[in-house]
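Peer 1: I am attaching a structure below and will ask some questions about it afterwards.
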Amino acid sequence: MIQRLGNLFVLDTKSTTYAFSVLSSGHLEHLYYGKKIHLSSENDLAVLSEKRVCLPGNAVLYSKDDQALGLEDVCLEMSSCGKGDIRQPFVEIVHADGSSTSDFLFVDALIQQGKTPLETLPSSYEENGDVQELIILLKDHHTQIELQLHYAVFEKQNVITRSAKVINASEETIVLNRLMSTQLDLSDANWMMTSFHGAWAREMKKHSVMAGGCRLVNESVCGTSSSRANPFVMLSRKSTTEDEGECYGLNLVYSGNHMESVETGAFGKLRFISGIHPDTFQFQLEKGESFEAPEAVMTYSHLGFNGMSQNMHRFVRECIVRGKWKNKLRPVLLNSWEACYFDINERKLLNLAKAGKEVGIELFVMDDGWFGTRDDDTQALGDWKANPKKLPQGITGLSKKINDLGLDFGLWVEPEIVNVNSDLYRSHPDWVIQIPGKPHSESRNQRILDFCNPVVVDYMTRQMEDVFSSGKIAYVKWDMNRIFSDVYSPFLPSERQKEVSHRYMMGIYQMMNRLMKKFPDILFEGCASGGNRFDLGMLCYFPQIWASDDSDAIYRVEAQTNYSYGYPMSTVSAHVSGCPNHQTLRNTPLSTRFHVAAFGVLGYECHLGEMSKEELKEIKAQIELYKTWREVLQKGSFYRGRNGDNIYEWTCVSPDQSKACGMVLQKLVQPNTSFEMYTPKGLLSEARYHFSNRQLQFDLKEFGSLVNQVSPIHIKQNSLIHNVASSLIKMKGEVEDFDASGELLMNAGVKLKQGFAATGYADDIRFFSDFGSRMYFMEELNKDS
């Protein structure tokens, strides 16, 4: 709910309040963002407003009309350059005379039911219109330039979004050097900034730093939101835990260069700003033109990181993801990449698909290598015609044969990229982002198509329309495998070259929007060298994103935990792959690979045709189990338990809280440590649940020569007898099976069966090796049972 109480504006969600006021000078003073409070009149400003009598020493006086107002010592809703606030500005404009001072003051406010979508960028929405929007109009009376601040209140999700729009109502051309998306000024600096960094194959490493004397910056200048620095960040108290304490979650609905900055000012106040990275941005606005910044997302919780994440998860599921696949259960897929790489043909693909069908796969995906002369990564990107030697009947014929097996069919594309060794590049070298006449620094033998150019946007949109219409295609994996270099658009004049990065994103969004509307039944999955573009902008078009090219379960358990701070697991694609893992050469149990992947959107990426009968039997059982619990895992509420050290603990609870899945994973065995426990979250305290585990079986060989302690004859390791015994005798895992109240389970936790600690083994011993894991299941009992 949004209220205007005189000069006081109050934005309430179900559990939070955001408040600001208009100062006598016309500036907007931020007052409060936190746990819900009830504000009823402008008189509450006596409590909320900062009292000012004298100007701080060595500060700039804003105006002689107010001898106490220095903008450097005010919590503001937005800031500009030149009037004394020397902290990071929200907006920076260079005027026709070369000056960069702006002074935006309050003019009017509009409160409306519903939310106006952005015109050039993706933005959030509410399907039932259950959202209110506040539009604040500010104006620089010396230049006539207008600034709109948009606030949207998503009451049920405890989320407030912000965006901004500059309108050049002056008589001259202006240059916009920065327009951020949100600014959050807090009255004290006792906050910790948490951001998520990494690189290819090791995305989302969590870093937390207390705010202090220096400015903290999370940024990407890669041309994408990037694996180097995800745009989602958190502000929390040092004492905040997963379930207690104050926490803000902050994100951008944008996929390009971005910056999130935390700064402690000279007077102890903290400023957070987020938006398009100003270092790689500039935009000229002629008279009458406007520019809109990406939408920013904000949420607050006093219930720790899990409380904040629950808000974000609901918002992303309900107000970012859209279309047919928003609420539809996602299929279990088999992707051809790690089984075949570029070496594909119809026979190999069909054999792989048949093996997938036998274990319960629902969707078969043909990855890279199917088009043009695409035998390796040096050629053919841009030539989107099926290779007749590999696919004699093209996509039409292959997709029909896959469908005849009882499987849906999907394929891989990379429409934003071109190889120099391609027909497209030879025909249109001017369609590429590169500096004419200068050598270009490539990545993965690729160059980036110039989506600043509307001709390129139209051409590639038509190419993709042809591909997606060439067979019965149920799924598309949309990849983008490089970052930007030598950024220059041959389409734009020299004075507009700093517009390239943003105009590229607008062109990409335009193409995606057209294709999503034309092919609403296709399940699109985003990918960019894995997680190089995992953001809310992409999720407006792709309901799921390949989180990392690294499918190693031990890396993934950390990465998926960290993604979960800002993104629901229903947006995170996760595959069971072969071992040794292709990215780390690590060997992990097949059960652990499944347990980790099952909490995301499950898929498989291994050579089923080369796996043993025992492995195929286990995979078939995994998929059957996943289908039984898919509704809970894809639509449930995800909670983190212990994480970040040796033990990881997850719980996913159905929307009605009648069912839950849990997981405990350990990285490395701790000697002589047999005790372990699992503590679920999110259950109904008063309900009674049946608690059980997924019982596993273990290969005799995993016990090494210890088998000789119980064997009547000596068994030599890897001998014929050892191999025969291993195939006939399986060691049964422990069983957990009891009833308990939700209150007991959540508050006391479950003390699990004793773990193996080198002093004995029996059926009730929990065999928990390096990289071991367990899944647990909770089902509410009937009320009268």
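The values are calculated or read from the model by the stated rules, or taken from the named source; none is laboratory data. Fair warning: this is a prediction, and the values are worked out from it, not measured in the lab. Positions of Cβ are generated from backbone atoms using ideal geometry, with glycine treated the same way; all protein chains shown enter the neighbour counts. The protein model used for the area step is the full one, side chains on, heavy atoms only, and it has no ligands, DNA or RNA in it. Shrake-Rupley method; radii C 1.70, N 1.55, O 1.52, S 1.80 Å.
Peer 1: Report whether or not Ile508 is within 27 Å of Gly531 (Cα to Cα), in contact with a Lys or Arg (Cβ under 9 Å, 6 or more places away or on another chain) and at pLDDT 95 or above. Spell out how you get there, then give the answer.
Peer 2: Details: within 27 Å of Gly531 (Cα to Cα): yes; in contact with a Lys or Arg (Cβ under 9 Å, 6 or more places away or on another chain): no; at pLDDT 95 or above: yes.
Spelling it out, it is not the case that Ile508 is within 27 Å of Gly531 (Cα to Cα), in contact with a Lys or Arg (Cβ under 9 Å, 6 or more places away or on another chain) and at pLDDT 95 or above.
Peer 1: Within the stretch 590-605, can one find any residue that is among the acidic types (Asp, Glu), closer than 22 Å to Arg330 by Cβ, touching a residue at least 40 places away in the same chain (Cβ under 8 Å) and outside any helix (DSSP H, G or I)?
Peer 2: yes
Peer 1: Right, here's the next one. Give the stretch 503-523 a look and list any residue that's open to solvent by less than 10 Å² (accessible area, probe 1.4 Å), touching a residue at least 60 places away in the same chain (Cβ under 8 Å) and in contact with a helix residue (DSSP H, G or I) (Cβ under 9 Å, 6 or more places away or on another chain), or say none.
Peer 2: Met505, Ile508, Tyr509, Met511, Leu523
Peer 1: Next question, about the same structure. So Arg462 fits all but one of (1) over 27 Å from the mean Cα position of the chain (by Cα); (2) surrounded by 15 or more Cβ atoms within 10 Å (Cβ to Cβ); what number is the exception?
Peer 2: (2)
Peer 1: Continuing with this model, one more query. Quick check: anything in the stretch 381-398 surrounded by 24 or more Cβ atoms within 10 Å (Cβ to Cβ), at positive phi and in contact with a strand residue (DSSP E or B) (Cβ under 6 Å, 6 or more places away or on another chain)?
Peer 2: Yes, the stretch 381-398 contains a residue that is surrounded by 24 or more Cβ atoms within 10 Å (Cβ to Cβ), at positive phi and in contact with a strand residue (DSSP E or B) (Cβ under 6 Å, 6 or more places away or on another chain).
Peer 1: For the stretch 413-428, which positions are touching a residue at least 40 places away in the same chain (Cβ under 8 Å) and either more than 23 Å from Ser470 (Cα to Cα) or open to solvent by less than 60 Å² (accessible area, probe 1.4 Å) (or both)?
Peer 2: Val413, Glu414, Pro415, Glu416, Ile417, Asn419, Asn421, Ser422, Leu424, Tyr425
Peer 1: In the stretch 276-308, how many residues are out of contact with any strand residue (DSSP E or B) (no Cβ under 7 Å at 6 or more places or on another chain) and either assigned to a strand (DSSP E or B) or not acidic (Asp, Glu) (or both)?
Peer 2: 4
Peer 1: Looking at (1) touching a residue at least 60 places away in the same chain (Cβ under 8 Å); (2) farther than 30 Å from Gln144 by Cα; (3) in contact with a strand residue (DSSP E or B) (Cβ under 8 Å, 6 or more places away or on another chain), which is the one condition that is false for Arg202?
Peer 2: All conditions pass for Arg202, except number (3).
Peer 1: Tell me yes or no: at least one residue of the stretch 323-336 is in a strand (DSSP E or B) and not hydrophobic (A, V, I, L, M, F, W, C).
Peer 2: Just the residues of the stretch 323-336 that are in a strand (DSSP E or B), to begin with: 333-335.
With not hydrophobic (A, V, I, L, M, F, W, C) added as a condition, the list becomes 335.
Looking through the stretch 323-336, at least one residue is in a strand (DSSP E or B) and not hydrophobic (A, V, I, L, M, F, W, C).
Peer 1: So, one more: Any idea how many residues of the stretch 171-209 are out of contact with any Leu (no Cβ under 9 Å at 6 or more places or on another chain) and at negative phi?
Peer 2: 15
Peer 1: Something else now. Which ones in the stretch 477-502 are part of a loop (DSSP other than H, G, I, E, B) and free of Cβ contacts under 8 Å to residues at least 24 places away in the same chain?
Peer 2: Pro493
Peer 1: On the basis of being part of a helix (DSSP H, G or I) and either open to solvent by less than 20 Å² (accessible area, probe 1.4 Å) or of a type in the set (D, E, K, R) (or both), does Arg642 make the cut?
Peer 2: So Arg642 fails the test.
Peer 1: Still on this structure, please answer the following. So which strands (runs of 3 or more DSSP E) stay within the stretch 137-236 end to end and still have 3 or more residues that are over 23 Å from Ser99 (Cα atoms) and out of contact with any Gly (no Cβ under 8 Å at 6 or more places or on another chain)?
Peer 2: By residue number, 146-154, 159-167, 174-186, 192-197, 205-210, 216-220.
Peer 1: Considering each of Glu260, Glu172 in turn, give the residue that is crowded, with 18+ Cβ neighbours inside 10 Å, in contact (Cβ under 8 Å) with a residue 40 or more places away in the chain and not small (Gly, Ala, Ser).
Peer 2: From the options Glu260, Glu172, the qualifying one is Glu260.
Peer 1: Right, here's the next one. Out of all the residues in the stretch 701-744, which are open to solvent by less than 20 Å² (accessible area, probe 1.4 Å) and in contact (Cβ under 8 Å) with a residue 24 or more places away in the chain?
Peer 2: Ala725, Ser726, Gly733, Glu734, Glu736, Ala740, Gly742
Peer 1: Testing Thr651 on (1) out of contact with any His (no Cβ under 8 Å at 6 or more places or on another chain); (2) hydroxyl-bearing (Ser, Thr, Tyr); (3) in a strand (DSSP E or B); (4) within 30 Å of Asn351 (Cα to Cα), one condition comes back false. Which one is that?
Peer 2: Condition (4) is where Thr651 drops out.
Peer 1: Go through the stretch 544-553 and report how many residues are under 22 Å from Gly249 (Cβ atoms) and open to solvent by 10 Å² or more (accessible area, probe 1.4 Å).
Peer 2: Number satisfying all stated conditions: 0.
Peer 1: Please verify whether the stretch 602-620 includes one or more residues that are within 27 Å of Thr241 (Cβ to Cβ) and either hydroxyl-bearing (Ser, Thr, Tyr) or surrounded by fewer than 19 Cβ atoms within 10 Å (Cβ to Cβ) (or both).
Peer 2: No, the stretch 602-620 contains no residue that is within 27 Å of Thr241 (Cβ to Cβ) and either hydroxyl-bearing (Ser, Thr, Tyr) or surrounded by fewer than 19 Cβ atoms within 10 Å (Cβ to Cβ) (or both).
Peer 1: Separate question: Please determine, by comparing only the residues of the stretch 149-169 that are open to solvent by 30 Å² or more (accessible area, probe 1.4 Å) and among the charged types (D, E, K, R), which one is farthest from the chain's Cα centre (by Cα).
Peer 2: Going through the qualifying residues, I end up with Lys165.
Peer 1: I'm trying to understand the selection: among the residues of the stretch 104-135, which are in a strand (DSSP E or B) and of a type in the set (Val, Ile, Thr)? Explain how you work it out, then say what you get.
Peer 2: Here is the first cut: in the stretch 104-135, the ones in a strand (DSSP E or B) are 105-113, 132-135.
If the condition is that a residue be in a strand (DSSP E or B) and of a type in the set (Val, Ile, Thr), then Val107, Ile111, Ile135 are the ones that fit.
Peer 1: Also: If Arg482 meets every condition in (1) basic (Lys, Arg); (2) modelled with pLDDT under 95; (3) buried (at least 18 other Cβ atoms within 10 Å of the Cβ) apart from one, which number is that one?
Peer 2: (2)
Peer 1: While we're looking at this one, here's another question. Return the residue satisfying two criteria in turn: it lies in the stretch 237-257 and is outside any loop (DSSP other than H, G, I, E, B) and not polar (S, T, N, Q), and of such residues it is surrounded by the fewest Cβ atoms within 10 Å (Cβ to Cβ).
Peer 2: Within the stretch 237-257, the subset outside any loop (DSSP other than H, G, I, E, B) is 245, 247-253.
Filter once more, keeping what is not polar (S, T, N, Q): 245, 247-250, 252-253.
On the way: Gly245: 18, Cys247: 28, Tyr248: 21, Gly249: 26, Leu250: 25, Leu252: 28, Val253: 24.
Only one residue tops the list, namely Gly245.
Conditions (1) aliphatic (A, V, I, L, M); (2) in contact with a helix residue (DSSP H, G or I) (Cβ under 6 Å, 6 or more places away or on another chain), marked per residue:
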position	(1), (2)
Ala266	yes, no
Ile273	yes, no
His277	no, no
Thr280	no, yes
Phe283	no, yes
Glu286	no, no
Ser290	no, no
Ala296	yes, no
Tyr300	no, no
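Peer 1: In the list Glu77, Glu133, Glu72, Glu146, which residue meets the criterion of being of a type in the set (Asp, Glu), crowded, with 22+ Cβ neighbours inside 10 Å and under 23 Å from Leu23 (Cα atoms)?
Peer 2: Step by step, each of Glu77, Glu133, Glu72, Glu146 is checked, and only Glu77 is of a type in the set (Asp, Glu), crowded, with 22+ Cβ neighbours inside 10 Å and under 23 Å from Leu23 (Cα atoms).
Peer 1: Determine if the stretch 349-360 includes at least one residue that is touching a helix residue (DSSP H, G or I) at 6+ places or on another chain (Cβ under 7 Å), assigned to a loop (DSSP other than H, G, I, E, B) and open to solvent by less than 10 Å² (accessible area, probe 1.4 Å). Talk me through it step by step, then tell me what you get.
Peer 2: Taking the stretch 349-360 as the starting set, the residues that turn out to be touching a helix residue (DSSP H, G or I) at 6+ places or on another chain (Cβ under 7 Å) are 349-353, 355-356, 359-360.
After this cut, where a residue has to be assigned to a loop (DSSP other than H, G, I, E, B) as well, the list is 360.
Within this subset, residues satisfying the condition of being open to solvent by less than 10 Å² (accessible area, probe 1.4 Å) are none.
Looking for residues that are touching a helix residue (DSSP H, G or I) at 6+ places or on another chain (Cβ under 7 Å), assigned to a loop (DSSP other than H, G, I, E, B) and open to solvent by less than 10 Å² (accessible area, probe 1.4 Å), one finds none in the stretch 349-360, hence no.
Peer 1: Same structure again: When you look at Thr17, is it over 30 Å from Glu495 (Cα atoms), among the polar types (S, T, N, Q) and open to solvent by less than 30 Å² (accessible area, probe 1.4 Å), yes or no?
Peer 2: In short, yes.
Peer 1: Show the residue pairs that are 6+ apart or on different chains and have beta-carbon atoms under 6 Å apart, the first residue being within the stretch 41-70 and over 15 Å from Ser25 (Cβ atoms), the second being assigned to a helix (DSSP H, G or I) and open to solvent by less than 50 Å² (accessible area, probe 1.4 Å).
Peer 2: Going by the 6 Å Cβ cut-off, the qualifying pairs are Pro56/Asp73.
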